[in-house]
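The values are calculated or read from the model by the stated rules, or taken from the named source; none is laboratory data. These figures come from a predicted structure and were not determined experimentally. Using ideal geometry, Cβ is built from the backbone for each residue, glycine included, and neighbour counts are taken over all protein chains shown.
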Amino acid sequence: MTVSALSQLVDPAACPRLVLKVGSALLVERGGSMRRAWLEALVGEIAEARARGQQVVVVSSGAIALGAARLGLAGGGRANLADAQAAAAVGQIALAGAWAELLEARGLVAAQLLLTLDDLEDRRRYLNASSTIARLLDQGAVPVINENDSVATAEIRFGDNDRLAARVAQAAGGDAVVLLSDVDGLFDRDPKDPAAELVREVQGIDEAVRAMATGGSGSGMGSGGMVSKLEAAEIAGRAGIALAIVNGTRERPLATAIDADSGTVFLPQRRDGGRKVWLGGRIAPAGVLTVDAGCADALGSGSSLLAAGVVGVDGEFARGDLVTIHSAKGDRLAQGLVEYTAAECRAIAGRKAGEQAALLGYAPRAAVVHRDHMVLL
C-alpha cells in the first residue's frame, strides 16, 4: 500500500514513516520571535501520529531567522555567508531547544542531526546517516534534522530544506514527505492570479508542471520556492515516496489540510533500488556529458553510455565523480558515476571502441557511464 491521497498521510498502513518539513516562515515571525503556540500545536499532531503507530522525522528550518534576530543582523541573517553561518550557530540552539522541550512535554524524545550536502552525496556518509536515523526511530525518538548552515558554504549546501527533506526521506526509508509551506500547494499559474486553480494531484513532473512553478519564497525568510519543491518531489518520487505540499500557516496544519482536502500530492512513478535511490537523489554533479539523439534513445532503453554517443564534455571531473547526461537540446536525461576523467572523455568523445586504446594509452573500459551506476531522470 502506498500514499495516493492526502487522507492517507495519517494512515499507518499506507504511511508508517512520515517526513515532515517545516519552513522558516512558519516557525518564525518577521520580527524574529518563534511562533511557539503554532509549534506546540504541530508537536501535538506529531504526538497523535506516534500514537497511531506512525514514525515521524522532522526537517526543520528556522535557525538562521532565529539567530539573526538574536544577533541583530540585517536581512534576516542572509546578507552574506558569514552572517548566515553566525546566525545559524546561535539560532540552532534555540530551535533544537524548542523542539526538545515541546516534544518532551508530549512524552517524546527529540534527537538532533545537522547534515551537510556532502553527508548525503557521499555514499558511505549517506549510509551512516541512514543507519543513525533508523536506530533513532527504532528507539522511539523523533529525529529533528536541519542543514548544518554554520559550516556549509555556497558550494557545499542544499540551499533549501525542501530537497533536504526529500533526501532525508530516501535515507530514512520514508513513505511520504509533507512540505508545510506558506501556500496551499501547486497552482496552475501564479497564485496571485484570481483565475489560478490548485492542482490537487500530479502524476509525473514534466515541462507543463514545471511551467506552473515560480521561484522564490513569498515570506523573504526562507530559501526555497515552488521550483525547489518540484525538485524535491522528483527526488522523492525516484524512491517511490509520495510528496505533498500543504499550507502550514494554519493551526494544526496537517489535520486542517486533510479535513479540507486542500494540498497537492505528487504520486511516485517508480521505485528505484537502494543504490540508485542515492544516486538519483544526488544534486551536485561535477560535469555534464552531452549525447546525440541515437545515444539518448539508447539510454532510455537501459543501455550504458558509450563514448561514441558523446558530443560534448563540460566541467572538470575525475573518475568516479557524478556527471549529468544531457541531450543535444539540453534536456537532463540521466546522471551517474563516470569511468573516465574529463580530459579522457574529451579525447574519446565520438570515437568507437577500436579507436579508444590509442587515444587513452590503455585498453578502454566498458562504458563512459555504466548503466549499473546510472539513473534516468
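Which one of these is touching a strand residue (DSSP E or B) at 6+ places or on another chain (Cβ under 8 Å), surrounded by fewer than 20 Cβ atoms within 10 Å (Cβ to Cβ) and in contact (Cβ under 8 Å) with a residue 40 or more places away in the chain: 320, 350, 312, 336? Exactly one of 320, 350, 312, 336 is touching a strand residue (DSSP E or B) at 6+ places or on another chain (Cβ under 8 Å), surrounded by fewer than 20 Cβ atoms within 10 Å (Cβ to Cβ) and in contact (Cβ under 8 Å) with a residue 40 or more places away in the chain, namely 350. The set of residues from region 322-376 being part of a loop (DSSP other than H, G, I, E, B), under 14 Å from residue 303 (Cα atoms) and aliphatic (A, V, I, L, M) comprises 366, 367, 368.
When residues in region 223-236 are screened for being part of a loop (DSSP other than H, G, I, E, B) and either under 12 Å from the mean Cα position of the chain (by Cα) or at pLDDT 85 or above (or both), 1 of them pass.
Do we find that residue 73 is within 26 Å of residue 247 (Cβ to Cβ) and in the same structural domain as residue 262 (by TED's automatic domain parsing) in this structure?
Answer is no for this residue.
Within region 35-55, is there a residue that is surrounded by fewer than 23 Cβ atoms within 10 Å (Cβ to Cβ), among the hydrophobic types (A, V, I, L, M, F, W, C), outside any helix (DSSP H, G or I) and assigned by TED's automatic domain parsing to the domain that holds residue 88? So far as region 35-55 goes, no, none of its residues is surrounded by fewer than 23 Cβ atoms within 10 Å (Cβ to Cβ), among the hydrophobic types (A, V, I, L, M, F, W, C), outside any helix (DSSP H, G or I) and assigned by TED's automatic domain parsing to the domain that holds residue 88. When we screen 105, 98 for residues that are at pLDDT 95 or above and out of contact with any Leu (no Cβ under 9 Å at 6 or more places or on another chain), the only hit is 105. Do we have any residue at all in region 291-298 that's part of a loop (DSSP other than H, G, I, E, B) and either within 24 Å of the chain's Cα centre (by Cα) or closer than 20 Å to residue 165 by Cα (or both)? No, there is no match, as no residue in region 291-298 is part of a loop (DSSP other than H, G, I, E, B) and either within 24 Å of the chain's Cα centre (by Cα) or closer than 20 Å to residue 165 by Cα (or both). In this structure, residue 24 does not qualify as under 20 Å from the mean Cα position of the chain (by Cα), surrounded by fewer than 23 Cβ atoms within 10 Å (Cβ to Cβ) and among the hydroxyl-bearing types (Ser, Thr, Tyr).
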